[in-house]
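Asker: Here it is, the structure, as structure tokens.
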Amino acid sequence: LYSNGTTRYIDLPVNGKLSKIVGSNNTLALFTEQNCYIVTIRNGEVVYDSLTKLELDDSTDRFISLSTGDYHTVALTANGQIYTWGLESEMCGCLGLGTPSHIVEERQAGQFENARSIKVGKPTRVSIGCDYTCVAITAGGWQTGALIIKL
């Protein structure tokens, strides 16, 4: 960890050899050959108990890219699927999961934080259709972007 002119060794319990580290806002994504972990950085310090291994229901897929905005995260899998989670602030659409009622009532993927914001606690797949695949993702502020191509 390099912060404020000081370099320190950090030992995090991740399985496998690190292949990529992505920093975004206050989150670091740590990629190994088979897994992806996220950890929070606050005031230049690693928040050790925030280390989370991101897991998918599909054991044949894995996260290969991740980006965060102010309150949300978007991730891309090796199979070209998009997953999002975090806060859908003021119904801005940054999660790409549908209308508030669809997210909360139909998908049961989130809960209302207030009248205009929804919190989705775990990675939830964004529907892009079976004839398409995603090749790149990005996030910033209250926005999410994806490069999607037709198969």
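Asker: Go through the stretch 42-69 and report how many residues are surrounded by 16 or more Cβ atoms within 10 Å (Cβ to Cβ), under 15 Å from the mean Cα position of the chain (by Cα) and of a type outside the set (S, T, N, Q).
Answerer: So the count comes out to 8.
Asker: Applying the selection to the stretch 57-68, what residues are part of a loop (DSSP other than H, G, I, E, B) and within 15 Å of I137 (Cβ to Cβ)?
Answerer: Once the filter is applied, which keeps residues that are part of a loop (DSSP other than H, G, I, E, B) and within 15 Å of I137 (Cβ to Cβ), the stretch 57-68 yields D61, R62.
Asker: Let me ask you something else. Taking the stretch 64-81 only, how many residues are touching a residue at least 40 places away in the same chain (Cβ under 8 Å) and closer than 20 Å to V39 by Cα?
Answerer: The total comes to 12.
Asker: Which of the residues that make up the stretch 69-83 are part of a loop (DSSP other than H, G, I, E, B) and not acidic (D, E)?
Answerer: Correct list: G69, Y71, A78, N79, G80, Q81.
Asker: Name the single residue that is nearest to R62 (Cα to Cα) among those in the stretch 83-96 being of a type in the set (A, V, I, L, M) and surrounded by fewer than 22 Cβ atoms within 10 Å (Cβ to Cβ).
Answerer: By that ranking, first place goes to L87.
Asker: Would you check which residues across the stretch 34-62 are of a type outside the set (D, E, K, R), free of Cβ contacts under 8 Å to residues at least 40 places away in the same chain and closer than 11 Å to P123 by Cβ and list them?
Answerer: Result: C36, I38, T52.
No value in this document is a laboratory result; all are computed from the given coordinates. As the structure is a prediction and not an experimental result, all values here were calculated from the model. Please note: Cβ atoms are built from the backbone with ideal geometry, for glycine as well, and neighbour counts cover all protein chains shown.
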